[in-house]
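Student: Dropping a structure here in structure tokens format, bear with me for questions.
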Amino acid sequence: MKLTRTITILLFLSVFGLLAVRAQEDTLTVLCTPQEDWCVAITQAFQEKTGIQTSYVRLSSGEALARIRASASDPEFSIWWGGPADAYIAAAEEGLLESYESPNAEGFEPRFIGENNSWYGIYMGATGFCSNVQMLEELGVDAPTSWADLLNPKLKGMVAMAHPATSGTAFTAFWTVITLEADKLEHPDGDMEGEGTGEGYTEDGVPTQAAIDNAFAYFSELNNNILQYTRSGLASGPMAGRGEIAVSIIFSHDCIKLQVEGFEGILTTTFPEEGTGYEIGGVGVITGAHEPEAARMFLDFALSVEGQSTAQQVNAFQIPTNPGTPVSEMSVDFSQLQLVDYNFVAAGSLRTELAERFDKEVAPQPAE
Amino acid sequence: MSFSGGRLFRDPVLAVGLVVVVAFILISILYPIMTMLGVAFSADGLALLVKYLTERIYLNLVGNTFLLGIVVGVAGTALGFLFAYVQVKVDVPFKRFMHLMALVPLISPPFALATAFLILFGRNGLISKGVFGVRADVYGLSGLSFVLTLSLFTVAYLNLKGMLQALDPAMEEAATNLGASRWHVFRTVTLPMLLPGILSSFLLLFVEAIADLGNPLVLGGDFEVLAMRVYVSVIGLYDTTAASVFAIILLLPALLVFVVQRYWVNRISVITVTGKPTGNVQMIENPWIRWTLFAVIMAFCVLIILLYASIFIGAFARVPGVNHEFTLKNFEFVIKGYGSEAMVDTTLFSVVATPIAGILGIVIAFLVVRKKFRGRALIDFGTMLGIAVPGTIIGIGFLLAFNVPSNIYLPFQDAAGQPLYITLIPKLTGGRALLGGALAIVLVYIVRSVPAALRSGAGALSQIDPAIEEASISLGADSGLTFRKITLPLIRPAFLSGLIYAFARSMTTISAIVFLTTPQTRIMTQQILNETEQGRFGNAFAYCVILIGIVLAAMAVLYFVVGSTTGAERGLEGGA
């Protein structure tokens, strides 16, 4: 009977097909936080260089942190690459990152080397506003140059950002506002050099509860203009590009990347004048990694000029931390920016708590 | 032919079949769901449950979900009915084309329609803004329900078309002969007779809509629904307790609807679907009605073509919707990156799952329809749970149940004083899972596909006279031989439609596998999700085009291998 034979053959195929699925010969599993194309580029470069079979999963930084925490007893990943250092500091505080002294970190600025060598900086990027020129024109609004500009009622439903619980991009923006509020409380007269009031920062230089509450007040108000909180930090950029919203709050290098990759003349990058935050992208070996040797090799590679140069293949315009890595001329010139004094350690320690509070107080609220 | 329970177990082939089926239901359907319920009803879970059901923001979430379900249920059933009515009762040209267009959404990769819709009708849509100059706001309930209606109405269409065709025209003729007007006949005869079909379509669409994950992620805006929350709780926050609690809020209505649809609606049915209608169907002749209906249906057909065309064109555009410079860059990224791996994996897993699901479904159908033993209703119910339960719930259940190996500890210790144990089920999900998590994904594909195979098999079986099988048994064949040589060939069309459905379903499912992919296994729908979420629609469309291509190719192969033309056609029209 023909049918019976067909079924038998199908069944055999099934069983053999399943067995033929690769027998877990992978030797390095990377948890990757930057854009997908960069994940592909660096893992493939590493694989070519070392011959180590490398695979990755891309998760935004809050998601990555949650996942590492959840699988701490039997880690799914051996190394975490990319995404703001705040999350790395939070992970290191929980003992989730292994201390490893990389020979390639020589000559790195001290701020790019985490406490106990638990993480290293691989790039820097500044928070910015990514706006659709045409949309702004239609709405009769100028490209925002301050955080207050985003509260313009004309921008109702026209702003998007990611959720700080899942996205490092959004958390960096959030901490930037906290810092600005703390500065305001500390120096109500605007003279940053003068004696502080002690209202904005505690003695350890951590923003006070009052400053944090003010930042929450700001984001609650901003919530009325927000169309959607995306999961991934850079997702709101293309939304602005397609004209679904007018302004996206993302890292400036992601906005520049979009302009290079099809949105030229459509998007424009601006920065808040009162001060903007920045990220140090991190890399760290995960505690209890099943592939520790390969993970350390990957870390070394990520700090090397060769590894950091993969950025330019994929239009990733972050500023590399290795002094030897050439900087793209498309990159943002940090010396032109008004940067806030971003306290990475405090941000890392308070990250989880703040993200949860944001989830409860701001994000699930439907915009009024 | 009536078997007593004892007789059943004296037949070894049947007994083996039964054991396999029961093990399948217990391990891959009930165990994951129970594990999830266990987490949801733990102390932490209960505290969250109380909170979610009392605080306003969470109640809004629940309210949104049901609102979406109701709107899509009503709109989808109405649209399906319109297509079916025109197909069966109205004399207009291009019917074959309309039928095809109604079937097209069966192969819609998740996100594809929502994304295409955004490009055409979004705030800066090529049509809404480009042609009409309107800045449409499609985020939220309106856009979401529109896209869901378009992607789901096929179920209602097939369901109602079958019923309309089975409707005995004698009834309507009688009413007409008694002097009733067309409208009167439609209102008092046709509609009431279709009521069970309409109701069951509504319920099916309701469940599909509240369980949908892909479209709300793209078009939700600030209109949040439960499925989204389940997803964010797991992927974003890795809070499986919260996810389980959201999931059971979703599970209860889904189960309720399933029970009502399956055991109540079917009972009030007044149509004997199996009976052959007598007489000729009266066609609608009023030109106003005919051409109005024609125009409406054609408008929807054009819309479907537009959406699919923009997927196809978008796959070759630099930035779909913004910059339509021709490029192969999207395909290059998909194929040179990890996309080709995803293609191979997804296709392979679906190819493995499809025949297993098909055979399992037919075997269960055979057991349930032909054999009489206690608990067969339970087996039917247990199998159907695989589809009645929203995909996200199956996914979480698998993640929770199979993330650690299930061991049985023996009352002995080894030399080092460690207790000895036997691993019953190895770790199937998460990092370093067996076969990189492939087994779990294949199992989920099977779980989600078997119900359709079971229903089409059961439908076909109940129309075949058991006397044929009895004859075979009388002549000395055992039940295995009879099943293979008599039953299977007779229900081949149903088997084929079951297979096609299973394959298309596996290839395009997202909600059930989104929590189960690992670095070693890449699934195309998951990759589409990544690209869509990050706004790279060109890459997402390239994936969609490839996915659609694979499904179509597989359908062609299945027709070729399993079906003769006539049988295949019957299968697709009657089943799917």
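Student: From the list B:182, B:187, which residue is of a type outside the set (Asp, Glu), surrounded by fewer than 16 Cβ atoms within 10 Å (Cβ to Cβ) and out of contact with any helix residue (DSSP H, G or I) (no Cβ under 6 Å at 6 or more places or on another chain)?
Tutor: When all the criteria are applied, what remains is B:187.
Student: Restricting to helices (runs of 4 or more DSSP H) lying wholly in segment B:407-500: which have 3 or more residues that are within 14 Å of chain A (Cβ to nearest Cβ), buried (at least 24 other Cβ atoms within 10 Å of the Cβ) and not hydroxyl-bearing (Ser, Thr, Tyr)?
Tutor: Here the list reads B:438-461.
Student: Hey, among B:539, B:530, which residue is without any contact (Cβ under 8 Å) to a residue 12 or more places away in the chain and not hydrophobic (A, V, I, L, M, F, W, C)?
Tutor: B:530
Student: Can you name the condition, by its number, that residue B:238 falls short on among (1) more than 12 Å from residue B:65 (Cβ to Cβ); (2) without any contact (Cβ under 8 Å) to a residue 12 or more places away in the chain; (3) more than 11 Å from chain A (Cβ to nearest Cβ)?
Tutor: Going through (1) more than 12 Å from residue B:65 (Cβ to Cβ); (2) without any contact (Cβ under 8 Å) to a residue 12 or more places away in the chain; (3) more than 11 Å from chain A (Cβ to nearest Cβ) one by one, residue B:238 breaks only (3).
Student: Follow-up. Sort through A:129, A:77 and tell me the only one that's farther than 30 Å from residue B:515 by Cβ and at pLDDT 90 or above.
Tutor: It is A:129.
Student: Of the numbered conditions (1) farther than 24 Å from residue A:64 by Cα; (2) crowded, with 24+ Cβ neighbours inside 10 Å, residue A:260 satisfies every one except a single condition; which is it?
Tutor: Of the numbered conditions (1) farther than 24 Å from residue A:64 by Cα; (2) crowded, with 24+ Cβ neighbours inside 10 Å, the odd one out for residue A:260 is (2).
Student: So which pairs qualify, if the first residue must be in segment B:345-374 and more than 14 Å from chain A (Cβ to nearest Cβ), the second must be among the acidic types (Asp, Glu), the Cβ gap must be under 8 Å, and the two must be at least 6 apart or on different chains?
Tutor: From segment B:345-374, the pairs are B:364/B:380; B:368/B:380; B:370/B:469.
Student: May I pose another question? Might you let me know whether segment B:120-132 holds any residue that is crowded, with 19+ Cβ neighbours inside 10 Å, assigned to a helix (DSSP H, G or I) and among the polar types (S, T, N, Q)?
Tutor: No, that holds for no residue.
Student: Considering only residues that are touching a strand residue (DSSP E or B) at 6+ places or on another chain (Cβ under 7 Å) and among the hydrophobic types (A, V, I, L, M, F, W, C), look in segment B:297-325 and name the one that is nearest to the other protein chains (Cβ to nearest Cβ).
Tutor: For segment B:297-325, the residue satisfying everything is B:317.
Student: With respect to residue A:329, is the statement that it is within 14 Å of chain B (Cβ to nearest Cβ), surrounded by fewer than 21 Cβ atoms within 10 Å (Cβ to Cβ) and out of contact with any Gly (no Cβ under 7 Å at 6 or more places or on another chain) true?
Tutor: no
Student: Name the residue, out of B:347, B:354, B:327, that is among the β-branched types (Val, Ile, Thr), surrounded by fewer than 22 Cβ atoms within 10 Å (Cβ to Cβ) and within 29 Å of the chain's Cα centre (by Cα).
Tutor: None of the other options fit; the residue is B:347.
Student: Tell me which residues, restricted to segment B:47-66, are surrounded by 13 or more Cβ atoms within 10 Å (Cβ to Cβ), assigned to a helix (DSSP H, G or I) and of a type outside the set (S, T, N, Q).
Tutor: Result: B:48, B:49, B:52, B:57, B:58, B:61, B:62, B:66.
Student: Counting only residues that are within 10 Å of chain A (Cβ to nearest Cβ), surrounded by 24 or more Cβ atoms within 10 Å (Cβ to Cβ) and either over 22 Å from residue A:363 (Cβ atoms) or of a type in the set (Gly, Ala, Ser) (or both), how many does segment B:197-235 have?
Tutor: Summing the residues that are within 10 Å of chain A (Cβ to nearest Cβ), surrounded by 24 or more Cβ atoms within 10 Å (Cβ to Cβ) and either over 22 Å from residue A:363 (Cβ atoms) or of a type in the set (Gly, Ala, Ser) (or both) in segment B:197-235 gives 0.
Student: Across segment B:321-347, what is the total count of residues that are of a type in the set (Asp, Glu), in a helix (DSSP H, G or I) and farther than 16 Å from residue A:39 by Cβ?
Tutor: 2
Student: Now, a different point. How many residues are in contact with a Leu (Cβ under 7 Å, 6 or more places away or on another chain) and within 25 Å of residue A:254 (Cα to Cα) if we restrict to segment A:57-80?
Tutor: The total comes to 7.
Student: Residues that are of a type in the set (D, E, K, R), in a helix (DSSP H, G or I) and in contact with a strand residue (DSSP E or B) (Cβ under 8 Å, 6 or more places away or on another chain): does segment B:220-234 have at least one?
Tutor: no
Student: So how many residues does segment A:227-244 have that are under 18 Å from residue B:137 (Cβ atoms), more than 7 Å from chain B (Cβ to nearest Cβ) and in a helix (DSSP H, G or I)?
Tutor: Qualifying residue count for the region: 2.
Student: Just need a number here: residues in segment A:280-326 that are in contact with a Gly (Cβ under 6 Å, 6 or more places away or on another chain), of a type outside the set (Phe, Trp, Tyr) and either over 21 Å from residue A:168 (Cβ atoms) or free of Cβ contacts under 8 Å to residues at least 12 places away in the same chain (or both).
Tutor: 2
Student: Picking from A:85, A:91, A:70, A:126, which residue would you name as being buried (at least 19 other Cβ atoms within 10 Å of the Cβ) and within 14 Å of another protein chain (Cβ to nearest Cβ)?
Tutor: Selected residue: A:91, the only one of A:85, A:91, A:70, A:126 that is buried (at least 19 other Cβ atoms within 10 Å of the Cβ) and within 14 Å of another protein chain (Cβ to nearest Cβ).
Student: Quick one: which residue in A:204, A:149 is outside any helix (DSSP H, G or I), more than 14 Å from chain B (Cβ to nearest Cβ) and surrounded by fewer than 19 Cβ atoms within 10 Å (Cβ to Cβ)?
Tutor: That would be A:204, the only listed residue that is outside any helix (DSSP H, G or I), more than 14 Å from chain B (Cβ to nearest Cβ) and surrounded by fewer than 19 Cβ atoms within 10 Å (Cβ to Cβ).
Student: Among the residues of segment A:57-77, count how many are farther than 26 Å from residue A:236 by Cβ and hydroxyl-bearing (Ser, Thr, Tyr).
Tutor: Selection size over segment A:57-77: 2.
The values are calculated or read from the model by the stated rules, or taken from the named source; none is laboratory data. Computed from a prediction, not measured in an experiment: that's the story for all the values here. Glycine gets a Cβ as well: all are built from the backbone with ideal geometry, and neighbour counts include every protein chain shown.
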